[in-house]
Amino acid sequence: MATPHISAEPGDFAPLVLMPGDPRRGRRIAQEFFDDPHLVSEVRSIEGWTGTVDGRPVSVIASGMGQPSLSIYATELFREFGVERIVRVGTTGGLAEGQQLGELVIANAAHTDSAMPGLTLPGVTLSRVPSHRMLEAAVREARDRGLPHRVGPIISSDTFYGSSMEKYRALAAIGTLGVEMEAATLFAIAAAEGKEAAAILTVSDHIFTDEQQSSEDRETGYGAMVRVGLAALFG
Ligand SMILES: O=P(O)(O)O[C@H]1O[C@H](CO)[C@@H](O)[C@H]1O
Ligand SMILES: O=c1cc[nH]c(=O)[nH]1
């Protein structure tokens, strides 16, 4: 049955879902990587596509930007559409020394400054971590393909503008590899729903050097991330 934000029927989505922030990246992923891609939802112009990769059904749908938006799509997919695994495939602002634009960041944990709880336990600060099986599969794929990548914690922030350099420097000092805006809530929702998730990111700019990919590169330079994301879904 359709939900408020997804106009599909049970079975229209595969149990394995790629989730970029950007809807146009979602459509391109379906058209470039899926066999027989077909549109299964387009509420609010957030298109959901289902097809196959190597004969296995896979879907893609964007989260929009920020943790509140992601929480809507991830919750509806897990609860109403039989989705078992979601991989966020997004961009990140690099925080690590020597990190090059286009490198991958494979998140093994997500810090957050968000008020989005997702999963709470009074008196406990819960960790927001990906599925270990999916993480292992992603790292194996990146290594086997010789793709430049780092594995470590990221920060899922509620702000794109307005965080201080001091905060970024403190996060970098404890090994945080990149800043983005969705993964922590995805990990928390997956845990709360008894499902699995991972996050594979491409460095689109560097917070301390100010280097930036063009908006065209941000839209098109995602092949490595999608390959690794698919490996995580299949792993
Ligand atoms: O490229 P996407 O997946 O949208 O991810 C990053 O880009 C957006 C900000 O420009 C935020 O959604 C952030 O998490
Ligand atoms: O700097 C960046 C790049 C991508 N996503 C973010 O949230 N920040």
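The numbers here are math on the coordinates, done by the rules we state, and not lab data. Quick caveat: nothing in here was measured; it's all calculated off a predicted structure. Quick reminder, even Gly has a Cβ in these numbers, built from the backbone with ideal geometry, and neighbours come from all protein chains shown.
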*Just name one of Ser214, Gly175, Leu70: the one whose Cα is farthest towards the positive end of the charge dipole of the chain (beta-carbon charges, Lys/Arg +1, Asp/Glu -1).*
Gly175
*With springs only between Cα atoms under 10 Å apart, run a GNM on the chain and tell me which of Ser127, Ser163, Ser71 wobbles the most.*
Ser163
_If the only charges are +1 at each Lys and Arg Cβ and -1 at each Asp and Glu Cβ, what is the size of the charge dipole of the chain around the Cα centre, to the nearest 20 debye?_
440
_Looking at the chain as a GNM with Cα springs under 10 Å, which of Glu216, Glu84, Glu193 has the largest mean-square fluctuation?_
Glu216
_Run lengths n ≥ 4 of DSSP H only: what is the helix-derived mean residue ellipticity at 222 nm for the chain, with -39500 (n - 2.57) per run over all residues, to the nearest 500?_
-10000 deg cm²/dmol
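For the stretch 1-50, with only Lys/Arg (+1) and Asp/Glu (-1) charged at the beta-carbon, what is the dipole magnitude about the Cα centre, in debye rounded to 20? Show your work: numbers first, answer last.
Working: 5 positive and 8 negative charges, 54 e Å.
For the stretch 1-50, the charge dipole is close to 260 debye.
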_Within the chain, percent of DSSP bridges classed antiparallel, to nearest 5_ = 40
*Just the Kirkwood number for the stretch 16-115, please: inverse of mean 1/r across all distinct Cα pairs, in Å, one decimal.*
14.6
*Choice from Gly48, Gly98, Gly175 with maximal GNM fluctuation in the chain (Cα, 10 Å cutoff)*: Gly98
_Neighbour-limited loop hits for trypsin sites (Lys or Arg not before Pro), the stretch 98-179 (at most 16 other Cβ within 10 Å; DSSP other than H, G, I, E, B)_ = Arg145
*Radius of gyration, Dmax [the stretch 1-74; alpha carbons; angstrom]*: 11.3, 33
*How long is the chain along each principal axis, judged by its Cα atoms, biggest number first, in Å?*
47, 43, 32
